[in-house]
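Only one structure is covered here, and it is reproduced in the block below.
The values are calculated or read from the model by the stated rules, or taken from the named source; none is laboratory data. This structure is a prediction, so every number in the text was calculated from the model and none was measured. Here Cβ is always computed from backbone atoms with ideal geometry, including for glycine, and neighbour counts include all displayed protein chains. To get the accessible areas, we keep the full protein, side chains included, count just its heavy atoms, and leave off ligands, DNA and RNA. Shrake-Rupley method; radii C 1.70, N 1.55, O 1.52, S 1.80 Å.
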Amino acid sequence: MSQQNLESLDVERLREDFPILERELDGKPLVYLDNAATTQTADPVVDAMSDYYRRYNANVHRGIHHLSQEASIAYEEAHDRVAEFVGASGGREEMIFTKNTTESENLVAYAWGMRELGPGDEVVLTEMEHHASLVTWQQIAERTGADCTYIQIDETGRLDMDHARECITDDTAMVSAVHVSNTLGTVNPVSELVDIAHDHDALAFIDGAQAVPNRPVDVEAIDADFYAFSGHKMAGPTGIGCLYGKAHLLEEMEPYLYGGGMIRKVTFEESTWGDVPWKFEPGTPPIAEAVGLHAAVDYLEEIGMDRIRDHEEELAEYAYERLAAEGDIEIYGPEPGPDRSGLVGFNLESVHAHDLASIMNDHAVAIRAGDHCTQPLHDRLGVAASARASFYLYNTREEVDALVDAIDSARQLFA
Amino acid sequence: MGMGSDMYRQQILDHYKNPRNYGELEDPTFTHVGENPMCGDEIRMDVRLEDDEETIEYVAFKGDGCAISQASASMLSSKLQGKTLEELLEMDRDDVVDMLGVDISPMRIKCAVLAEKVAQDGAEIYRGELDKEKTTTEE
């Protein structure tokens, strides 16, 4: 099915937009397979940011002068564009820029959680949560007297939806779940989770850091109350994250960071807040990064999110098949299919993941090894660390072959 | 050759696959444990001192983790026998790198020095100069 799409995705042409991929390390061509950690930045993104710094760099929302007007318009329009990209019809009134997905999690946890949670309330998470949400809700629960419970994963690495229905009760105030697991690659049935949450009058926060970069996402179709993601995992810049929230929720929420740019009126006694999203974006925001993210969204949409997803799934399936054929490799997460994204977490029997990553580095193959900010999930899997190869629109089957060859050389070394 | 395979010369692999002094002592003078949670490396070191309470008679270790951390613990356990606590406490990162005989990349140095830090912290706790439950080199 995706073979035709793969052919129509002109990877060789796309790679020209990422000059970093031409790098050689010790004379060997770089094979960059750490895209779940951060993707490379597309030239049009770098160009847009460079153009901002070279032509209209100014602070936003406070200058009368021409440059500030240009910068302000670009910054505001970036909100509308990113909102549109994920299907948020409210535009900027539903799209807050933060510094990353983690800050988006913290914003909701503090601004909503600290006020709304109390003893007897439950926050329902999943066993495959990233520390970004797990640690954050754990802390907020501790401070408010609420409890955290965790939806279990089954032996295939999917969420146990029966257990989800047991965990989410009328005491549940918030369900916070990853859309795509950064460790297992599982694509969770988030709209089903959201429906269960809403059946119990709970809100739902979806962490889309591993979903928005590589598949079409429509926050309104999912019906998420909050949805977060990061710029640097989608061919965009570091330093900018996004938080979608339903307009009426954001309207009611108090700010979580205070300062300039987020106020309406300030006296020595008290202050009132500006409109959404500005009341959640105090201080000088990531202006160049917003311009860059706008360009990234344009870039991805022009390629087509369907095609990016198909390309990634194709590579993940190929990598899965090649690794599974090896016999001494344990692969985590579901088998290739529509509920598996373009990353493969694994362990080679005889070699610790860190040793593996070090040896692969010698072959210029960049993978991640460690706990991937999911320590409790690794405990659940019974391993301290895992290796992870993750793909993006510019990766090729030849690079998967290079991955397998590098694994083989580690195997030989440790034999 | 890049740093990767330089790190995995025969000596390291030999100590990883055939660790020396592996196990626990029945009558250790002191025992200390260390863990790098992000790596998952764990090391327990048992040290028995001679009657002078200063000279290291025997060291045993147990552990789990990457080749660098475990080979380092194996080599250190041999190297320390006959040394004094003072000599142990004077060891630094360069001594560990010299002992391993390979270049350790910056991201992996914490693996290499975990065993040394466990032994040193154990000695300081034994002397009453330190109060610590577990050692880590990830900070």
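A:Y332 passes all but one of (1) away from chain B (no Cβ under 14 Å); (2) more than 30 Å from A:Q138 (Cβ to Cβ); (3) open to solvent by less than 30 Å² (accessible area, probe 1.4 Å); which number fails?
(2)
Kindly indicate which of B:A123, B:A71, B:A115 is in contact with a helix residue (DSSP H, G or I) (Cβ under 6 Å, 6 or more places away or on another chain), touching a residue at least 60 places away in the same chain (Cβ under 8 Å), buried (at least 20 other Cβ atoms within 10 Å of the Cβ) and farther than 30 Å from A:V351 by Cβ.
Only one candidate qualifies: B:A123.
Tell me which residues, restricted to segment A:360-381, are more than 19 Å from B:C111 (Cα to Cα), surrounded by fewer than 24 Cβ atoms within 10 Å (Cβ to Cβ) and within 11 Å of another protein chain (Cβ to nearest Cβ).
Within segment A:360-381, A:H363, A:A364, A:H378, A:D379 meet the criteria.
Mind checking which residues of segment A:329-384 are among the hydroxyl-bearing types (S, T, Y), assigned to a helix (DSSP H, G or I) and in contact (Cβ under 8 Å) with a residue 12 or more places away in the chain?
none
Check whether at least one residue in segment A:171-186 is surrounded by 24 or more Cβ atoms within 10 Å (Cβ to Cβ) and either more than 30 Å from A:L393 (Cβ to Cβ) or in the same structural domain as A:I308 (by TED's automatic domain parsing) (or both), and report yes or no.
Taking every residue of segment A:171-186 in turn, at least one turns out to be surrounded by 24 or more Cβ atoms within 10 Å (Cβ to Cβ) and either more than 30 Å from A:L393 (Cβ to Cβ) or in the same structural domain as A:I308 (by TED's automatic domain parsing) (or both).
Applying the selection to segment A:119-131, what residues are in contact with a strand residue (DSSP E or B) (Cβ under 9 Å, 6 or more places away or on another chain), at negative phi and open to solvent by 10 Å² or more (accessible area, probe 1.4 Å)?
Of everything in segment A:119-131, those that are in contact with a strand residue (DSSP E or B) (Cβ under 9 Å, 6 or more places away or on another chain), at negative phi and open to solvent by 10 Å² or more (accessible area, probe 1.4 Å) turn out to be A:P119, A:D121, A:E122, A:E127, A:H130.
Quick check: is even one residue across segment B:54-64 assigned to a helix (DSSP H, G or I) and either out of contact with any Cys (no Cβ under 7 Å at 6 or more places or on another chain) or closer than 26 Å to B:K17 by Cα (or both)?
No, every residue in segment B:54-64 fails to be assigned to a helix (DSSP H, G or I) and either out of contact with any Cys (no Cβ under 7 Å at 6 or more places or on another chain) or closer than 26 Å to B:K17 by Cα (or both).
Residues that are over 12 Å from the mean Cα position of the chain (by Cα) and under 27 Å from B:D52 (Cα atoms): which helices (runs of 4 or more DSSP H) entirely in segment B:74-139 hold 2 or more of them?
Correct list: B:85-90, B:109-126.
Can you report the number of residues in segment A:132-152 which are surrounded by fewer than 23 Cβ atoms within 10 Å (Cβ to Cβ) and either in a strand (DSSP E or B) or not assigned by TED's automatic domain parsing to the domain that holds A:I196 (or both)?
4
Is there a residue being farther than 20 Å from A:E24 by Cα, within 9 Å of chain B (Cβ to nearest Cβ) and open to solvent by less than 10 Å² (accessible area, probe 1.4 Å) anywhere in segment A:386-407?
No, segment A:386-407 contains no residue that is farther than 20 Å from A:E24 by Cα, within 9 Å of chain B (Cβ to nearest Cβ) and open to solvent by less than 10 Å² (accessible area, probe 1.4 Å).
Quick check on A:V108: is it in the same structural domain as A:A204 (by TED's automatic domain parsing), open to solvent by 10 Å² or more (accessible area, probe 1.4 Å), part of a helix (DSSP H, G or I) and under 18 Å from A:S230 (Cβ atoms)?
no
Is one or more of the residues making up segment B:3-12 in contact (Cβ under 8 Å) with a residue 12 or more places away in the chain, more than 14 Å from chain A (Cβ to nearest Cβ) and not hydroxyl-bearing (S, T, Y)?
Among the residues of segment B:3-12, not one is in contact (Cβ under 8 Å) with a residue 12 or more places away in the chain, more than 14 Å from chain A (Cβ to nearest Cβ) and not hydroxyl-bearing (S, T, Y), which makes the answer no.
Within segment B:85-100, can one find any residue that is of a type outside the set (A, V, I, L, M, F, W, C) and either within 14 Å of another protein chain (Cβ to nearest Cβ) or in contact (Cβ under 8 Å) with a residue 40 or more places away in the chain (or both)?
There is no residue in segment B:85-100 that is of a type outside the set (A, V, I, L, M, F, W, C) and either within 14 Å of another protein chain (Cβ to nearest Cβ) or in contact (Cβ under 8 Å) with a residue 40 or more places away in the chain (or both).
How many of the residues making up segment B:37-53 are surrounded by fewer than 24 Cβ atoms within 10 Å (Cβ to Cβ), over 11 Å from B:N21 (Cα atoms) and more than 10 Å from the chain's Cα centre (by Cα)?
10
So which residues in segment A:292-329 are of a type in the set (G, A, S), over 21 Å from A:G231 (Cβ atoms) and surrounded by fewer than 20 Cβ atoms within 10 Å (Cβ to Cβ)? Talk me through it step by step, then tell me what you get.
We begin by selecting, within segment A:292-329, every residue of a type in the set (G, A, S); these are A:292, A:295-296, A:304, A:316, A:319, A:324-325, A:327.
Narrowing the set further to residues that are over 21 Å from A:G231 (Cβ atoms) leaves A:316, A:319, A:324-325, A:327.
Residues satisfying the conditions are A:A324, A:A325, A:G327.
Condition check: within 20 Å of A:R307 (Cβ to Cβ) and open to solvent by 60 Å² or more (accessible area, probe 1.4 Å). Does A:E24 satisfy that? Full working, then the answer.
On the way: within 20 Å of A:R307 (Cβ to Cβ): no; open to solvent by 60 Å² or more (accessible area, probe 1.4 Å): yes.
Taking the combined requirement at face value, the residue does not satisfy it.
Just to verify a result, which residue in segment A:335-359, among those that are open to solvent by 40 Å² or more (accessible area, probe 1.4 Å) and under 18 Å from B:D64 (Cα atoms), is farthest from the chain's Cα centre (by Cα)?
Only one residue fits best here, namely A:S350.
Touching a helix residue (DSSP H, G or I) at 6+ places or on another chain (Cβ under 6 Å), part of a helix (DSSP H, G or I) and basic (K, R) - does that describe any residue in segment A:70-91?
yes
Take the residues in segment B:55-68 that are touching a strand residue (DSSP E or B) at 6+ places or on another chain (Cβ under 7 Å) and open to solvent by less than 50 Å² (accessible area, probe 1.4 Å); name whichever of them is farthest from the other protein chains (Cβ to nearest Cβ).
Top of the filtered list is B:T55.
How many residues are open to solvent by 60 Å² or more (accessible area, probe 1.4 Å) and either within 14 Å of A:F414 (Cβ to Cβ) or outside any loop (DSSP other than H, G, I, E, B) (or both) when one looks only at segment B:1-30?
Going through segment B:1-30 one residue at a time, the tally reaches 7.
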